[in-house]
Structures are given as C-alpha cells and as structure tokens.
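Here is the structure we will look at, set down as structure tokens.
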Amino acid sequence: MTTRRLMLALVLCAGTGGVMAQGAYPAKPIRLVIGFAPGGAADYVARAMNEALSKGLGQPVIIDNKPGAGSSIAAEIVAKAPADGYTVLIASPSSISVNPALNPKIGYTTSELAPVTKITTSPLVLAVNPATNIRSVADLIAAAKKDPNKLNYATSGNGSAPHLGAALFTQITGAQMTHVPYRGGALAVQSVIAGDTQLTFGTSPSVLPQASTGRLRALAVSTRERSPLVPDLPGMREAGLPDYHIEFWYGVFVPTGTPAAVIRKLFEAATSAMQQPSVKAALEREGTEVSLSSSPEQFGEFLKDDSKFWVELVKSAKVKVE
C-alpha cells in the first residue's frame, strides 16, 4: 500500500471510529454537577429527575454537589471539563448571566457553556421567621424602614436568584436590609428557622415544606400575580407592589464543543425525563413547574433575552461582589 493510500485509510478509520464513539454515547456514567448544597431547589430538581434521566440515557447519572461562589465553582468545573457529554451542569441565571456580570475575573465565560434545555421555572417565595411577628409584605416594609439594616435576609449566595429577588425588593420599596449569603438554599432557610436571619426570598422547594409546618411564615410569591403553583399566597400586585416581578429557571448545560449528536441525546433524555408524570408531580408539590425548551437552539435564543433582564437588574440594584 502506498503512503498516500495508507494515510487515506487511517483518516477513514479515524472518521468511522469517531462516528461509532459518538453513536455509542453514553458508554459510562454521567456526572451531573450542581452549584448548591444538598437540600436546595437545584438539588431537589436534580434528584426528582435523576431516575428518569438515568433510564433515558441507559447509564447512571451521578449527582455531584459543588456549592460555593454563587454556583460559579460548579459552572467553572463543567466549563473546563472535556466536551464529551459526561460532565453536565444544572444551572440557573446565577451562573449563566449574573455571576459573569458581577465578577469580570470569574474563572469561566458563558461562551464556554453550551445550552441543552431549560427544565423548570418557578417563583421565589418571600418568607419570614414567625417570631418576627411580620405577617404581610406591608409589615415587612414598615419594619425594615423603622430600623434600617436591622433585618437580615438569607440567600443561597451572592448573585443568586434569592439575592436578586431581595435586591429588587429593596430597590422598589426603599427598605434597607442586610444580606447574609450561604452556600445553598437549604442552609439559608435553616438560618431563618433558627433566627440567625429573619427572612429569605427563597426557592419554592426550600421554603414551602418549612412553611407548611409553621417553621416559616410565607408572605407572598415573587411574581406579579398569584402563581397556580402556590395558589394560597398572594402575588406582589395583591401584596401592594405592582411593579415587582421576578421568577427563575433551571437549565441543563454542557461544555462548549460537545458534539451536536451528544447534545441532542441529552436534550431528548432530559425532555423525556421531565415529562414523566411522577417527576412533574414531585416538582409541583414543591411549587416548581416543568418548563422545557423546544430545542437546544431555542434555549440559546431564550438566554439572550433573559440575560439582559438579569444583567440590567444587577446594574440597577447596584449588586456587588461581597
């Protein structure tokens, strides 16, 4: 065989091997990285879908909690991972839009993360420690204005959706409160229950179970109108703040450069998992709605407009890295 023919044969074999490897995905367990501690909303969503996602992919999906830096640690881990579909991120606007806007020295860029699909959306829930005797949004505003910065609000980290929910609240109302960031939503909620902090704009899965037992008092949802997910709580218009509206989502991402066929496989598996009645029911019980993209490309288009909202909020509320 001539050198030219040998080189051509090697190229063809390499190409065929690439197709076979791509077609065989996944051939080993998949690591699902979450930027918050166990017990929070992101963790709850991941565990609710985990069994169905593993079944759809035909491989175990291993949940790996990497809390810290407002979920930036997890996002950086995935952004720098091999682009082979075996390291996957569940992220919120915090790591995709907010953290890069807050910190230009962050260890990754959003261009290093490829969108797969949005999976959920839900309102935040404004809740207080019952010992505060705050029973309404109006009570909270009055208390915060009477004693500026005496009330401490807990969040799942600087730049998180709960942080921005509270920042928007103080911007609109003029109330002054002190931010106390934690490494996850569950830890933030526990601090409110313990009385170390007085309130939180928490995620529904973190707050609602505690409110149902009386350990927290839920005051309102963060959307302008009542949410069908949490029908017993007023929306912000009803609570007296018609200009207030915020909700957040979780989505699936992989390192940029991941083969299109692998992204499509993940998209189809995630879509199928989230449509399972048991997954939907589990999420709805905690005030979270399944919300899927029609394609990875559509999710990418959604992110362009969504990022503008979060970045503008960061700027207008003057949120800083702490």
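The values are calculated or read from the model by the stated rules, or taken from the named source; none is laboratory data. These numbers come from a predicted model, not from an experiment. Note that we place each Cβ from the backbone using ideal geometry, even for glycine, and neighbour counts take in every protein chain shown. All accessible areas refer to the heavy atoms of the entire protein, side chains included, with ligands and DNA or RNA removed. Shrake-Rupley method; radii C 1.70, N 1.55, O 1.52, S 1.80 Å.
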Mind checking the stretch 118-162 for trypsin sites (Lys or Arg not before Pro) that DSSP puts in a loop (not H, G, I, E or B) and that have at most 14 other Cβ atoms within 10 Å?
R135, K150
If packing is taken as the average count of other Cβ atoms within 10 Å, what order do 121-127, 188-194, 32-38, 154-160 fall into, highest mean first?
154-160, 121-127, 32-38, 188-194
E284 to E225: extension gain in nm, 0.36 nm per residue of separation minus the Cα-Cα distance?
19.5 nm
Considering only DSSP beta bridges where both residues belong to the chain, give the percentage that are antiparallel (nearest 5).
60
Beta carbons within 10 angstrom, averaged per residue: use that to sort the peptides 273-284, 60-71, highest first.
60-71, 273-284
Once Rg and Dmax of the Cα atoms in Å is worked out from the coordinates, which option in (1) 20.2, 68; (2) 21.5, 89; (3) 22.2, 94 does it equal?
(2)
Stretch R264-S294 to full length: gain in nm at 0.36 nm per residue minus the Cα-Cα span?
9.7 nm
List every residue whose amide H lies under 5 Å from the amide H of F36, counting only residues 5 or more places away in sequence or on a different chain, with H placed 1.01 Å from N in the peptide plane.
K66
Kirkwood-based Rg to Rh ratio, the stretch 106-209, C-alpha trace
1.03
Taking amide hydrogens as modeled 1.01 Å from N in the peptide plane, which residues meet the under 5 Å criterion relative to L151, leaving out close sequence neighbours?
T178
So how many Å³ per residue does the convex hull of the Cα atoms of the stretch 208-256 work out to?
113
What are the residues whose amide H is under 5 Å from the amide H of L124, where those residues sit 5 or more places off or on another chain and H is modelled from the backbone?
S222, T223, F248
With a 1.4 Å probe and every protein chain left in place, work out the accessible area per residue of the stretch 76-231 in Å², rounded to a whole number.
35
